[in-house]
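Following this message is one structure expressed as structure tokens.
Just so it is clear, none of the values below were taken in a lab; they were calculated from the coordinates. Predicted, not measured: the structure shown is a model, and the values here were computed from it. Glycine gets a Cβ as well: all are built from the backbone with ideal geometry, and neighbour counts include every protein chain shown.
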Amino acid sequence: MCRNIRPLYNFQPPATEDEVRAAALQYVRKISGFTRPSAANEAAFNRAVDEVAQASAALLAALVTTSAPKDRETEAAKARERSVRRFR
């Protein structure tokens, strides 16, 4: 999985539309190999980002869980701690 794509499910507050779209953009960039598509490919690229974002939002809305929502700040602190240990 692309390192820039973060889990978006079961957080409080829930993932925003912008976060879902950013994850979709990263995914499409990864599988297409384009950071920025050429003019000839731009429409297809943007359409793919829109479709992946829509499918991702539908997935997040349909998922159910019995676990408590994760706190964004707590998870960010854990990620920073893992990063410090990793890059010592």
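Which one is nearest to Asn10 (Cα to Cα) among residues in the range 20-70 that are assigned to a helix (DSSP H, G or I) and aromatic (Phe, Trp, Tyr)? Break it down stepwise before answering.
Residues of the range 20-70 assigned to a helix (DSSP H, G or I): 20-32, 42-62.
Checking the rest, the ones that are also aromatic (Phe, Trp, Tyr) come to 27, 45.
Working: Tyr27: 20, Phe45: 29 Å.
Looking at the filtered set, the residue picked out is Tyr27.
For the range 11-56, enumerate the residues that are over 25 Å from Arg72 (Cα atoms) and either among the polar types (S, T, N, Q) or in contact with a Phe, Trp or Tyr (Cβ under 6 Å, 6 or more places away or on another chain) (or both).
Passing the criteria: Ser32, Thr35, Pro37, Ser38, Asn41, Asn46.
Another question about this same structure. Go through (1) loosely packed, with under 12 Cβ neighbours inside 10 Å; (2) outside any helix (DSSP H, G or I) and name the single condition Ala77 misses.
Ala77 satisfies every listed condition except (2).
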